[in-house]
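Report on the following structure.
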Amino acid sequence: LDNSLSDLIKYTSEIMLGSLEKVTFKNGDIPLLNDSAFNVYPTTKELLDYSEKLGIQATSIKLDESGYRKYQNRHYECIVNIGGIKAHYMPGHAHSDIFNFILYVNDKPFIVDTGISTYDFGERRMIERSTVSHNTVQVRNFEQAEIWSSFRVAKRANAKIIHDSPDKIKAELDYVTTKAKHTREFVFKEEEIKISDQVNPKYKAKAYLHFHPDVEVDIIDNKIITNLCEISVFNSNNCYIDEYMYAPEFNTLIKSKVVIVEFNDKLETQIKRI
């Protein structure tokens, strides 16, 4: 190869590896964001080991332009989608998942993305790409983006970041097909994560928390009790447990629990490690 092309390929590979290493959880899992699935590719460790043999080293980078942020300490790791649908010019694998987050506690999956089980067009594919299949807020019955067919996105909203610091991030989302607006703020502390949501007062909204199949979930007095964390919700109208199908890989569906929190105007959610 021409040296300039070879250098470009090496540089790009190092950036890609750095991005992958950045979002990979300590236990080796990748976050099941958008059209991601387990057991269809080499692990992050396998890719890093192989690249080292080729003389390619992962380059440490910031996640700024990706639209994602990762927060971690000795107790938990949390990945947040704060930037909207990416890439704008090729969104075929994108989901309606703005302000979605994934949380691992003590190296274990706790609040998870529902994943994907199929690329075939149909009800299952549409459900897995929809707003309600992610750990975000659905305003009334609106979708954040016009998801259609198996790999199509039409009108879509994108988030505007208001505050971005090592322990707090806040952004707002203006829907393009209605006057609805959603603002979400994450505050990260050593033993606690606080999530604040605000929507138009005239619209009813629902916040979704999808739990990994191994997590035990119960609700007592608007407090969500699990075997890893205790979650308190404030200003909710109703809070209840439902079921969803967790899809960690293609052609796999596992019955799991989702907590749905109904609210108007404002909602406060506090996740505390037990």
Degrees separating the helix 3-23 axis from the principal Cα axis of the chain, which is the longest one:
30
Would you calculate a helix-derived [θ] at 222 nm for the chain, using -39,500 (n - 2.57) for each DSSP H run of n ≥ 4 and dividing by the full residue count, to the nearest 500?
-4500 deg cm²/dmol
Mind ordering 202-211, 165-174 by average Cβ neighbours within 10 Å, highest first?
202-211, 165-174
Between beta-carbons, use under 14 Å as the cut-off and find the net charge around ASN264, counting Lys and Arg +1, Asp and Glu -1.
+2
Leaving ligands, DNA and RNA out of it, report the carbon-plus-sulfur percent of the accessible area of the chain at a 1.4 Å probe.
50
Accessible area in square angstrom per residue, the stretch 124-274, 1.4 angstrom probe:
48
Mean Cα-pair separation over length for the chain, i.e. relative contact order, pairs under 8 Å, 6 or more apart, %:
15
What number results when the radius of gyration of the stretch 51-110, computed over Cα atoms, is divided by 2.2 N^0.38 Å?
1.40
Environment charge of GLY122, counting only residues whose C-beta is closer than 12 Å and scoring Lys/Arg +1, Asp/Glu -1
0
Extension length gain for GLU192 and ASP164 (0.36 nm per residue less Cα distance), in nm, is 8.3 nm
Roughly how many whole Å is it from the C-alpha centroid of the stretch 52-81 to that of the stretch 109-152?
24
Which value, to two decimals, describes the C-alpha radius of gyration of the stretch 219-274 once divided by 2.2 N^0.38 Å?
1.32
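The values are calculated or read from the model by the stated rules, or taken from the named source; none is laboratory data. Everything quoted here is computed from the prediction, not taken from an experiment. Please note: Cβ atoms are built from the backbone with ideal geometry, for glycine as well, and neighbour counts cover all protein chains shown. Note: areas computed on protein heavy atoms with side chains; ligands, DNA, RNA excluded. Shrake-Rupley method; radii C 1.70, N 1.55, O 1.52, S 1.80 Å.
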